[in-house]
Amino acid sequence: MSIIEVVEELSDVYGVADFSVDEEKLVQMYGEDICKYPYAIAIGHKMLEEIIEKIPLTYSNDDYAQEYLDEYYNSHARVSEIAKKIVERIEQEGYHAIELDVSGDNPKLNLKMPFSNKASANLAGIGWLGKNNLLTTKEFGPRLTWATVLTDAPLGEYAGRPMESLCGDCDICVKACPGKAIVDLPNPKESYSPKKCGEFLMGRKKDGHPVACGMCLYICPFGNEKSKEILQRK
């Protein structure tokens, strides 16, 4: 099996980003070590559908809320293991590779700040940042957990290009957000407020509930057929 065949087998969705194309911007934000190797493999791993589908019930059922919170962290662990296996396979081929798990960091790198795996996925052309600031794909919407593998393996022929947002005038996540943390603007840096999102979650914690929400992840019509039908009726 080739490196890409292994990546395809282990990942629900994947892409390759050529970091040399955006080297200046990446180095300015994260430091020179982020471009230690020229290519980044973005790895998307699906969260469990049966748990995601219960998200609307989590606001009145703490068991479901805790189940979602546990899956959120369990999916982090699973995608990290996938990334480790890909690193091992690349090294077996005689190349170098470094894993950046959900934390966006690795002790082998000296970064100015933790790396956003959403950046590698976007640069690889897998998806776009939605109004909820989540990396969204056509296939699964934002129902994915991400990791990145940096490597010097010759993967240039697989490199994609940044993907433009497909959110358009859809405002389903804006209306559904219980913390009013999303507004209808095209730039996710302006449309999503981490402060309001955090305040809502901390309010839930203060009231004795698990710190879980995920409504924008659930409701997105990319990944949710019910939402897609509602959008198509407009």
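What follows is calculated from the coordinates using simple rules that are stated; it is not laboratory data. What you are looking at is a predicted structure, and each value in this text was computed from that prediction instead of being measured. Because the Cβ atoms are built from the backbone with ideal geometry, glycine has one as well, and the counts that use them run over all protein chains shown.
Where in the chain are the DSSP H helices whose alpha-carbon span along the long axis reaches 30 Å or more and whose Kyte-Doolittle mean is at least -1.0?
Helix filter hits for the chain: none.
I want to verify a result. In a Gaussian network model of the chain, Cα cutoff 10 Å, which of these has the top mean-square fluctuation: LEU166, LEU100, LEU57?
Answer for the Gaussian network model of the chain: LEU57.
Along the positive direction of the dipole of the stretch 83-234 (beta-carbon charges: Lys, Arg +1; Asp, Glu -1; about the Cα centre), which of MET202, ASN187, PRO142 reaches farthest?
MET202
Which of rounded, prolate or oblate describes the stretch 172-233 when judged by the alpha-carbon gyration tensor and an a/c cut-off of 1.5?
oblate
In the stretch 130-171, which trypsin sites (Lys or Arg not before Pro) fall in coil by DSSP and have 14 or fewer other Cβ atoms within 10 Å? Write out the running numbers ahead of the final one.
Values: sites: LYS131, LYS138, ARG143; in loops: LYS131, LYS138, ARG143.
Answer in residue order: LYS138.
Of ILE51, HIS76, ALA17, which is farthest on the positive side of the dipole of the stretch 3-158, counting Cα position, with +1 on Lys and Arg Cβ, -1 on Asp and Glu Cβ, and the Cα centre as origin?
ALA17
Taking only C-alpha pairs under 8 Å that are 6+ residues apart, what is the relative contact order of the stretch 106-178 in percent?
36 percent
Using the Kirkwood radius over Cα pairs, work out the Stokes-Einstein diffusion coefficient for the stretch 1-67 at 37 °C and 0.692 mPa s, in µm²/s as a whole number.
Values: Rh = 15.1 Å.
This corresponds to a translational diffusion coefficient of 217 µm²/s.
Tell me, HIS209, HIS96 in order of fewest to most beta-carbon neighbours within 10 Å?
HIS96, HIS209
Spelling out what I want: for every residue of the stretch 34-41, take phi, set θ = phi - 60°, compute 6.51 cos²θ - 1.76 cosθ + 1.60 (Karplus), and round to whole Hz; glycine and proline get x.
Per residue, the Karplus-derived 3J(HN,Hα) values read 5, 9, 4, 10, x, 10, 10, 9 Hz.
Any aspartates and glutamates with Cα under 20 Å of the LYS180 Cα? List them, leaving off those in the same chain fewer than 8 positions away.
Straight-distance partners of LYS180: ASP169, ASP171, GLU190, GLU199, ASP207.
Using +1 on the beta carbon of Lys and Arg, -1 on that of Asp and Glu, and nothing else charged, what's the dipole of the chain about the Cα centre, debye to 20?
Computed about the Cα centre, the dipole is about 1000 debye.
Give LYS175/LYS205; LYS25/LYS206; LYS108/LYS131; LYS131/LYS205; LYS54/LYS112; LYS85/LYS189 a once-over and call out the pairs whose C-alpha atoms are over 31 Å from each other. Kindly include the intermediate steps, with their values, before the conclusion.
Numbers: LYS175/LYS205 23 Å; LYS25/LYS206 40 Å; LYS108/LYS131 33 Å; LYS131/LYS205 25 Å; LYS54/LYS112 38 Å; LYS85/LYS189 33 Å.
In this structure, LYS25/LYS206; LYS108/LYS131; LYS54/LYS112; LYS85/LYS189 lie more than 31 Å apart at Cα.
Which one of ALA176, PRO162, ILE126 has its Cα pushed farthest toward the positive end of the charge dipole of the chain, where Lys and Arg give +1 and Asp and Glu give -1 at the Cβ?
ALA176
According to the Kirkwood expression over distinct Cα-Cα pairs, how big is the hydrodynamic radius of the chain, in Å?
Computed over the chain, the radius equals 18.5 Å.
Using only alpha carbon pairs under 8 Å that are at least six residues apart, calculate the relative contact order of the stretch 1-143 and give it in whole percent. Please report the intermediate quantities before stating the final value.
Values: 183 pairs, mean separation 38.7, N = 143.
Dividing the mean separation by the residue count of the stretch 1-143 yields 27 percent.
Sort by residue number and name the cysteines in the chain that have no neighbouring cysteine Cβ under 4.7 Å.
For the chain, the answer is CYS35, CYS167, CYS170, CYS177, CYS197, CYS213, CYS220, because their Cβ atoms have no other cysteine Cβ under 4.7 Å.
How big is the charge dipole of the stretch 158-234 about its Cα centre, in debye rounded to the nearest 20, if each Lys and Arg gets +1 on its Cβ and each Asp and Glu gets -1 on its Cβ? Don't jump to the answer; show the numbers that get you there.
Numbers: 13 positive and 9 negative charges, 49 e Å.
In total the dipole reaches around 240 debye.
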